[in-house]
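Q: Have a look at this one.
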Amino acid sequence: MDGQENEQRGTGHDAPARRERRWRRDGRAGVVRRVGVVLAVLLVGLAGTVIGVFAGGRVSTDIGPFRADLTLAPAVQGSTTVDIPPLGALQLNSHDGPTHLTVGLGALDQRKTEALIDDPASISRASQSAVEDVRNGVMRLGLRTLGAAVLVTLLLAALVFRDTRRTAWAGGLALAVTAGSLGLAVGTIRPQAIEEPRYEGLLVNAPAIVGDARRIANDYTRYAEQLQRLVGNVSQLYTTVSALPVYEPAPGTTRVLHVSDMHLNPTGWQLIRTVVEQFGIDVVIDTGDLTDWGSEPEASYVGSIGLLKKPYVYIRGNHDSPRTAAVVARQPNAVVLNNSTTTVAGLTIAGIGDPRFTPDKETSPAGSGLTKQVADQVIGAGEQLAATVTSAPTPVNIALVHDPASAGPLSGTCPLVLAGHTHARQVSKLPQVPGKQPTQLMVEGSTGGAGLRGLEGEKPTPLSMTVLYFDQQKLLQAYDDITVGGTGQAQVNLERHVIQEPAKGADVPVTATPTRGGPESVSPSPTR
């Protein structure tokens with residue numbers, strides 16, 4: 001009897017503890033359940049938003065004479081693509097946020113096209129209406145995308161949850177995400193992005209699609225004028241029957257084609273001739289390495305210079321022999337610089353050949369890529385040219401060296417230094433000398449795709465060159481980086497860069513070496 005009473009008394013004492021443990025267990029389960037519900041709502045809301053954007057983010061509209069498709073899609077980085085089949089596409093860094101806008105210019109309206117052909121002035125009128133056409137189309141696209149994202153999310157949430165409250169939360173999330181993304185894109189629009197497009201398409205169409213450098217000016221009325229010009233250019237392309245138009249340069253504008261490191265690749269000459277003709281080049285500048293061994297049999301390769309029928313300014317690279325330079329000098333349109341200056345098309349150009357000759361082991365010992373002897377040679381060439389530039393009777397606009405390691409001593413002596421040798425394109429500011437003008441260094445890739453050595457890697461080295469645009473004061477105002485890759489020359493990547501107000505300090509770091517010239521010199525590049 002006493003044992004039974006004690007057992008009942010103990011059971012009575014344990015009851016509150018058991019209830020407390022049960023409450024805790026139920027509480028943890030409730031938290032886990034609520035977290036699961038929140039995650040499910042997030043997942044369904046985001047999935048519905050993405051599906052809705054892909055399903056509904058598309059409208060068709062008229063832009064000038066074109067029937068255009070506007071498409072929105074989720075993206076890691078905000079940008080705009082203007083597809084102009086079959087001519088190519090323009091890539092614009094137009095806004096921020098996780099949205100990508102594609103403008104596909106499709107079929108031409110027959111009635112409008114006939115009006116363009118019969119009345120050239122209608123091109124201007126079509127261009128003027130383009131801004132309003134695009135604005136209306138983008139507004140419709142945004143509203144349609146927002147509605148589609150919310151509607152699809154509500155339907156998906158209703159099927160998954162079968163609960164009004166959770167469905168409403170998922171729809172609200174879709175509304176917030178879509179509206180926020182679109183609002184961020186609108187709030188960060190960069191109208192000036194159309195001044196610096198990246199073109200992908202046929203090389204012969206690049207000048208007309210991207211537009212002439214004479215249009216690059218400080219008084220742009222930003223988006224409206226740029227868009228009108230773009231639509232006007234494309235309209236003229238489609239309505240020209242005989243040939244695609246290439247605009248004449250503005251009075252006083254000088255176009256320079258910078259090539260380097262051809263390395264006996266005959267394909268490079270074909271590309272150069274195409275660019276010279278299509279871009280209306282005034283001067284070709286070659287910063288060396290036309291050949292590989294500088295031998296007499298290679299001299300016939302140089303004969304293509306005369307076929308360009310444009311002034312050709314050349315300096316020796318470390319693969320070019322004095323014999324190579326002599327053969328170049330015999331070409332009727334060529335000027336060979338060796339610590340000397342010349343004036344061509346109003347530009348005063350100074351240049352010096354590379355002090356090394358790679359096949360000659362007396363001037364370029366085996367394994368001497370970064371020794372003090374090589375540093376003294378390469379940097380010393382830059383010091384010699386700097387003295388020549390400083391003493392020149394006419395201010396020098398461009399200085400030429402083969403190895404960018406020679407450029408350091410030229411800082412402050414001229415506004416622009418061109419180089420090659422590294423087979424890799426690079427643009428930087430040389431460390432500025434106090435009280436002197438800033439100097440920009442532009443290193444070209446290999447116009448010959450590095451020759452046979454360019455086939456050693458997994459992918460062939462692309463062919464690259466740059467078109468430089470100089471204004472009436474002979475200052476660089478813009479440049480086009482041209483890269484040709486793949487198995488043929490039909491496809492080209494062209495990227496327009498507009499020169500901004502010079503900034504102090506280097507844009508791209510240069511490697512300092514105390515060997516000669518103090519902290520302003522750069523380390524010699526390995527022999528290529």
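The values are calculated or read from the model by the stated rules, or taken from the named source; none is laboratory data. Not measured: the values here are computed from a predicted model. Cβ coordinates were reconstructed from backbone atoms using ideal geometry, including for glycine residues, and neighbour counts include every protein chain displayed. When the accessible area is computed, the model is the full protein with side chains, heavy atoms only, and any ligands, DNA or RNA have been set aside. Shrake-Rupley method; radii C 1.70, N 1.55, O 1.52, S 1.80 Å.
Q: With a sphere of radius 12 Å drawn around the Cβ of V41, what net charge do the other residues whose Cβ falls strictly inside it have (Lys, Arg +1; Asp, Glu -1)? Before the final figure, lay out the partial values.
A: Values: positive: R34, R165, R166; negative: D163.
That works out to +2.
Q: Show me the ranking of peptides 377-385, 469-477, 397-405 by mean Cβ neighbours inside 10 Å, starting with the highest.
A: Those peptides, ordered most packed to least, come out 397-405, 377-385, 469-477.
Q: Ranking request for peptides 259-269, 132-142, 279-289: highest mean number of other beta-carbon atoms within 10 Å first, then the rest in descending order.
A: Values: 259-269: 22.9, 132-142: 16.7, 279-289: 24.7.
Highest-to-lowest ranking by the protection proxy: 279-289, 259-269, 132-142.
Q: What do you reckon, how do V275, V31 stack up by accessible area (1.4 Å probe), largest on top?
A: If we order V275, V31 from most to least accessible, we get V31, V275.
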